[in-house]
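Written out below as structure tokens is the structure these notes cover.
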């Protein structure tokens with residue numbers, strides 16, 4: 001029991017810090033305190049997250065048990081569909097996102113920080129961005145649930161699923177603060193994580 005409490009504490013702490021460190025309250029405070037040096041923050045944020053995540057993942061693997069649920073038989077095609085959808089979403093999203101901005105390189109070179117990590121820094125509604133507003137989070141959701149489950153993985157998946165929803169909502173607040181009504185209109189047109197609006201439009205067009 002104790003090992004699972006430690007697991008929950010580690011993953012909850014990681015998710016909390018990962019989300020809190022990009023909240024407007026925290027980032028605005030840093031901008032005031034660091035001035036032009038704030039352009040290094042995205043790179044620091046990524047490095048910090050990675051260094052924190054490594055021991056959490058190592059501990060998680062060290063307590064994994066024999067799965068009580070595996071994708072096999074008639075369920076195996078479902079798993080492949082989830083994995084393929086996840087990979088496609090990541091690929092489609094990467095075509096719109098600027099990885100240099102995601103990593104924090106452009107911020108250092110240009111000294112510009114904005115809530116979007118695409119090339120233009122403006123809201124893009126084409127491709128996957130016209131299906132879901134946060135494709136990387138959508139792909140992550142499918143990916144984590146496409147694996148076999150033991151108690152450890154189940155707890156991690158529940159925590160990460162909650163984090164993906166909460167983290168996305170926090171990111172939405174930042175984008176609304178930055179883009180205002182333009183982003184609110186985008187919210188009305190495109191679903192956050194799962195393509196309900198897109199599916200409804202397709203059904204109506206039949």
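When volume of the Cα convex hull per residue in Å³ is calculated for this entry, the matching label among (i) 119; (ii) 134; (iii) 110 is (ii).
Legend: ranking of residues 15, 85 from fewest to most surrounding C-beta atoms inside 10 Å; resulting order 85, 15. Look at 171, 189, 178, 65 and count the other Cβ atoms within 10 Å of each Cβ; fewest to most, that gives 65, 189, 178, 171. From helices alone, the chain scores -21500 deg cm²/dmol at 222 nm; the rule is -39500 (n - 2.57) for each run of n ≥ 4 DSSP H residues, then divide by the residue total.
Calculated on the Cα set of the range 141-206, radius of gyration then Dmax: 15.7, 44 Å.
At full extension, residue 151 and residue 43 could sit 35.5 nm farther apart than now, given 0.36 nm per residue minus the alpha carbon distance.
Throughout, read-outs are computed from the coordinates displayed, never taken from laboratory work. Worth saying up front: this structure is predicted, and the values here are computed from it rather than measured. Ideal geometry is used to build each Cβ from the backbone, glycine not excepted, and the neighbour counts take in all protein chains shown.
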